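The values are calculated or read from the model by the stated rules, or taken from the named source; none is laboratory data. All figures in this text were calculated on a predicted structure; none of them were measured in a lab. Cβ placement follows ideal geometry from the backbone for every residue including glycine, while neighbour counts extend to all protein chains displayed.
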Amino acid sequence: MHVLHFVDPSIQIERRLVSVDNIVIGGLQTPKGPPTTLQLFREVKLVGDCIGVAATNGDDIYVGSSNGEILRIDKQGCIELFLTTPSSNIVGLTIHGSILYTLNSKYGIYQIDLETMKQSLFFSHADKSAYRGSRMLVTQNQLVVADVTDHRLTLYSLTGQLIRHVACPLISTYWVSLCLSPSNPDVIIVSDWKSSRVFAVNLSTGTVVWANSDIREPAGIASFGSKFLMVSKRLTTTRLWVLNADTGV
């Protein structure tokens, strides 16, 4: 098991086991159409709150927490401390190929090679706000990152070069999460906790495709299948809302 301590620009590596809990792993029961029920498989507790989750094609799951740690769960269910960042909230976590990108709220974006277990790149991101959320994803070989301070989406190349900004006035200055539309790689879905709004933005035009205000204080968001979105919020019991990705209904 590995712990990566980020010291910009170098990394120190050590090995230790970790015991964690408070991760919920479940399945959606849906032979056709939108999911209708949840089935709990396993629950593990965390020292810090779970903020973001990313998975590889090999079924490894990476979890970013509020105490700056990233945990890895393999397909056998073994949990290890994968990485420790220099500050608390991990506000973005996404995987492209064999590269893990992590957005650290205080410093910027770290690029980790999952095969070599080494930091391959670091680049700064203008928004240093510590508000929670899952504010980063990859689409069409571009890294899309929410900038809640400047109310915009920022596009980078996969090696950190700034491509452009997309103005997004609907983004507020608190808990913001992103996911990719399952039906259009040019459309980003934004879950905005402060405004109680979920909305879709076209990256090419900057236009808002649709907006939904039916969910009070939405938090986590993910695509499901070819046309659905799953939205969660902070509750004592697990509950999901299902939206059509094309219409927001």
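Before moving on, here are some points about what is shown:
- Residue within the range 116-132 that is over 28 Å from SER172 (Cα atoms) and surrounded by 17 or more Cβ atoms within 10 Å (Cβ to Cβ) present: yes
- Among the residues listed as SER196, SER183, SER223, the single one being outside the structural domain of ILE99 (by TED's automatic domain parsing) and either under 25 Å from ILE70 (Cα atoms) or of a type in the set (Lys, Arg) (or both): SER223
- Restricting THR159, THR149, THR173, THR154 to residues that are surrounded by fewer than 23 Cβ atoms within 10 Å (Cβ to Cβ) and outside any loop (DSSP other than H, G, I, E, B) narrows the list to THR154.
- Number of residues in the range 82-120 that are assigned to a strand (DSSP E or B) and either closer than 19 Å to LEU153 by Cβ or touching a Leu at 6+ places or on another chain (Cβ under 9 Å) (or both) equals 24.
- Residue within the range 190-206 that is crowded, with 20+ Cβ neighbours inside 10 Å, in contact (Cβ under 8 Å) with a residue 40 or more places away in the chain, under 17 Å from the mean Cα position of the chain (by Cα) and over 19 Å from THR139 (Cβ atoms) present: yes
- Of all residues making up the range 176-196, the number that are within 13 Å of SER232 (Cα to Cα) and outside any loop (DSSP other than H, G, I, E, B): 7
- Breaking point among (1) closer than 27 Å to ASP192 by Cα; (2) surrounded by 21 or more Cβ atoms within 10 Å (Cβ to Cβ), for ILE73: (1)
- No other residue among THR102, THR56, THR85 is surrounded by fewer than 19 Cβ atoms within 10 Å (Cβ to Cβ) and not assigned by TED's automatic domain parsing to the domain that holds ALA146 apart from THR56.
- Residue within the range 231-246 that is within 18 Å of the chain's Cα centre (by Cα), outside any loop (DSSP other than H, G, I, E, B) and among the small types (Gly, Ala, Ser) present: yes
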